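The values are calculated or read from the model by the stated rules, or taken from the named source; none is laboratory data. A quick note: this is a predicted structure, and the numbers were derived from the prediction, not measured. Note that we place each Cβ from the backbone using ideal geometry, even for glycine, and neighbour counts take in every protein chain shown.
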Ligand code: GLC
């Protein structure tokens, strides 16, 4: 059977749009075929057996837990204090004036995988921006020096190996972040789970948890704002009803508190957990993908289609069909007989090739990666010493113990095979990690052993860290293998600190209008968790979007960091000319706009490496006091100067936009508008309303020429430029346009200046 035949069969058997459990199970059998489905049944049963044989300690939350008891002793130290209670110990440290670390013991300290910076000088409490008030029962209050109470924590409670932590929330307090969520932008009134998990091939609004959970959030209320990061990778549930109720299944209770405003807090948080890396420039272009482009010829046909329709293309992504039997680091040389040749052919047209890598390694004797990993003891083991196995795309698979530094080095070296095949970038998938299951738990047994960098531990602690460490292994491997080029990979799953190694995409969404709308909140939540470089599958992963829905999704993604169409195996063609049908002109216009904005986008990406600020920001970013901006979930800032108001509803010809105070200009020219109110703007299907702040100078690429568009005068702008890859020369130009329209540039760095022409919008 060729690879195309199952695709046709699958299409005939397509289930209803919103399948129930039975449909999902049938869907699974349909996609996997009978043999692998049988393996899944067996794996589900053995997983249940392992969980019974080696039960993981689970706290009982319904019985009362033990409180710290009374304060027995308190010792001051230069950068904080230690306090001893009857049944717990507390350590409070000011790592910096605006960065506080609180740790409650008992419980194992985390292996600091999320942490990038360790060498904090420490600050004396008197010199800090926050005062910490400890009560005799272990309650803590965090107050700013001018007397604003940011947060009040109740004494934590210990439940077996777990910690229960409560904090008062102010009236009207808003909560944002927690990684990737298909929930409203403001998470107040909601409960979230911290447990990385695929939603079973499709999700829409309301599904929780998803692939990438991060226990970090920002809280905003009348007295100010703050960020809290729980450095605890155990499974957790945080609920933001009247108060915060947080429950961690194990580990010490360690958390960091950073006072706002939010941009400053994110700057600190990303100093702690690491700043995003600068991607190669091509990554900011448009990527075309689907599961699956099944042969080199099919890839060529797709590329021809882009040329025929005069649509610029920057990257093609290869899903699992390029592999030999879905085995990592292999290429199917029947369907892709000369991958390196294909890659060079594409490169000559300015198109890069990205290849998927899954977490599970096929357990097959004679398959080099498995044999090598098995011989070297690289795979996770069960408590009885046997290799842990689960079923994923290739069938039975083993999972590298990526918490072992030697395994990370070994895994990082494997990318050489795909570099040799011409890969420019990588795509990490199924790395929660997911193992298929028939209605059971779709992750490895919790008592699976992990090295945890020599400290030892179980999957209960390592699960949420798995994708972070897989990304680290790849990133560090690529730095070694190809030191003159910048690595780029994007990952479905992750944890705090992923921004150091990988971008993300928002996974297997359903093709519906509510899911399109959801994308904005999901991206903003990720951005406020330090993970700003993300984007959706344009059109939704599962389904058959109408041309209008596809085009509106495309328009939204034009202004997001990852700009990529992708869809499932059994969906109708998703190349823009097929999916947009009569609306291909709208797609073309947005592709060209993306290219025009490239200097601004690249500068915004560079800014993120310096400040940790996400490219996509909520409207309250610069004015936390303006209540009209507080909960806007259908518009966002892209970088410092653009306000994007995508159309997210069917049939709309116009939309309402809440404009922050100040003067604004439509990006494509026209009269200036006074902000501070709500306006109705035209938004026909080929147009996305975008506004530029008055006084902004935006560098644009117009047919290879650098044009500086100044909106109003005086105006200011910045441009970062370099060769687009590698670690060579760079320059930063700062532009000032005087109120009389004269342009002055001051440059730093040695990369040759492009010399901008000014276009003034008055
Ligand atoms: C997962 C990914 C999806 C991919 C598929 C096959 O469902 O989320 O993007 O197409 O696996 O690799």
(request) Please work out if residue 324 is closer than 23 Å to residue 32 by Cβ, touching a helix residue (DSSP H, G or I) at 6+ places or on another chain (Cβ under 8 Å) and part of a loop (DSSP other than H, G, I, E, B). (result) no
(request) Would you check if residue 188 is touching a strand residue (DSSP E or B) at 6+ places or on another chain (Cβ under 6 Å), assigned to a strand (DSSP E or B) and within 26 Å of residue 138 (Cβ to Cβ)? (result) no
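So which of 166, 172 is part of a strand (DSSP E or B) and either surrounded by 18 or more Cβ atoms within 10 Å (Cβ to Cβ) or assigned by TED's automatic domain parsing to the domain that holds residue 191 (or both)? Spell out how you get there, then give the answer.
Values: 172 fails: part of a strand (DSSP E or B).
Answer to the selection: 166.
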(message) Being within 17 Å of the chain's Cα centre (by Cα), more than 15 Å from the ligand (Cβ to nearest atom) and not assigned by TED's automatic domain parsing to the domain that holds residue 232: is that true of residue 498 here?
(response) yes
(request) Restrict the check to segment 255-270 and report whether at least one residue is within 16 Å of the ligand (Cβ to nearest atom) and modelled with pLDDT of 95 or more. (result) no
(message) Filter segment 344-388 down to the residues that are in a helix (DSSP H, G or I) and closer than 30 Å to residue 304 by Cα and list them by number.
(response) 344, 345, 346, 347, 348
(message) Against the definition (more than 16 Å from the ligand (Cβ to nearest atom), touching a helix residue (DSSP H, G or I) at 6+ places or on another chain (Cβ under 7 Å) and in contact (Cβ under 8 Å) with a residue 60 or more places away in the chain), how does residue 584 come out, yes or no?
(response) yes
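State whether the residues of segment 409-424 include one that is touching a residue at least 12 places away in the same chain (Cβ under 8 Å), assigned to a loop (DSSP other than H, G, I, E, B), within 19 Å of residue 200 (Cβ to Cβ) and not assigned by TED's automatic domain parsing to the domain that holds residue 161.
Taking segment 409-424 and keeping what is touching a residue at least 12 places away in the same chain (Cβ under 8 Å), we get 409-424.
Within this subset, residues satisfying the condition of being assigned to a loop (DSSP other than H, G, I, E, B) are 421-424.
Retained after the next criterion (residues that are within 19 Å of residue 200 (Cβ to Cβ)): none.
No, there is no match, as no residue in segment 409-424 is touching a residue at least 12 places away in the same chain (Cβ under 8 Å), assigned to a loop (DSSP other than H, G, I, E, B), within 19 Å of residue 200 (Cβ to Cβ) and not assigned by TED's automatic domain parsing to the domain that holds residue 161.
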(request) Select from segment 172-200 the residues that are in contact with a helix residue (DSSP H, G or I) (Cβ under 7 Å, 6 or more places away or on another chain) and on the phi > 0 side of the Ramachandran plot and write down the one among them that is nearest to the ligand (Cβ to nearest atom). (result) 200
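Matching residues to (1) within 25 Å of the chain's Cα centre (by Cα); (2) surrounded by fewer than 20 Cβ atoms within 10 Å (Cβ to Cβ); (3) more than 16 Å from the ligand (Cβ to nearest atom); (4) closer than 30 Å to residue 535 by Cα:
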{"site": "365", "(1), (2), (3), (4)": "no, yes, yes, no"}
{"site": "377", "(1), (2), (3), (4)": "no, yes, yes, no"}
{"site": "385", "(1), (2), (3), (4)": "no, yes, yes, no"}
{"site": "406", "(1), (2), (3), (4)": "no, yes, yes, no"}
{"site": "415", "(1), (2), (3), (4)": "yes, no, yes, yes"}
{"site": "421", "(1), (2), (3), (4)": "no, no, yes, yes"}
{"site": "425", "(1), (2), (3), (4)": "yes, no, no, yes"}
(request) Out of 530, 507, report the one residue that is out of contact with any strand residue (DSSP E or B) (no Cβ under 6 Å at 6 or more places or on another chain), assigned to a loop (DSSP other than H, G, I, E, B) and closer than 21 Å to residue 204 by Cβ. (result) 507
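Can you find a residue that is under 22 Å from the mean Cα position of the chain (by Cα) and in contact (Cβ under 8 Å) with a residue 24 or more places away in the chain anywhere in segment 152-172?
Step one: list which residues in segment 152-172 are under 22 Å from the mean Cα position of the chain (by Cα), which gives none.
Looking through segment 152-172, none of the residues is under 22 Å from the mean Cα position of the chain (by Cα) and in contact (Cβ under 8 Å) with a residue 24 or more places away in the chain.
Give, as residue ranges, the strands (runs of 3 or more DSSP E) completely inside segment 576-690 that count at least 2 residues that are within 29 Å of residue 496 (Cα to Cα). Break it down into steps so the answer makes sense when it comes.
Details: elements: 636-638, 642-644, 654-658, 663-666, 678-682.
The strands (runs of 3 or more DSSP E) meeting that bar are 636-638, 642-644.
Pull up segment 304-321, narrow it to residues that are within 16 Å of the ligand (Cβ to nearest atom) and either in a loop (DSSP other than H, G, I, E, B) or over 25 Å from residue 583 (Cβ atoms) (or both), then point me to the one that is farthest from the chain's Cα centre (by Cα). Quick ask: steps written out before the conclusion?
Filtering segment 304-321 for residues within 16 Å of the ligand (Cβ to nearest atom) gives 315-321.
If we keep only those that are either in a loop (DSSP other than H, G, I, E, B) or over 25 Å from residue 583 (Cβ atoms) (or both) as well, we get 318-321.
Numbers: 318: 20, 319: 19, 320: 21, 321: 24 Å.
Checked segment 304-321; the qualifying residue farthest from the chain's Cα centre (by Cα) is 321.
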(request) With respect to residue 84, determine if the residue is farther than 20 Å from residue 238 by Cβ and free of Cβ contacts under 8 Å to residues at least 24 places away in the same chain. (result) yes
(request) Can you tell me which residue among 292, 250, 201, 219 is touching a strand residue (DSSP E or B) at 6+ places or on another chain (Cβ under 9 Å), assigned by TED's automatic domain parsing to the domain that holds residue 341 and either part of a loop (DSSP other than H, G, I, E, B) or farther than 30 Å from residue 543 by Cα (or both)? (result) 292
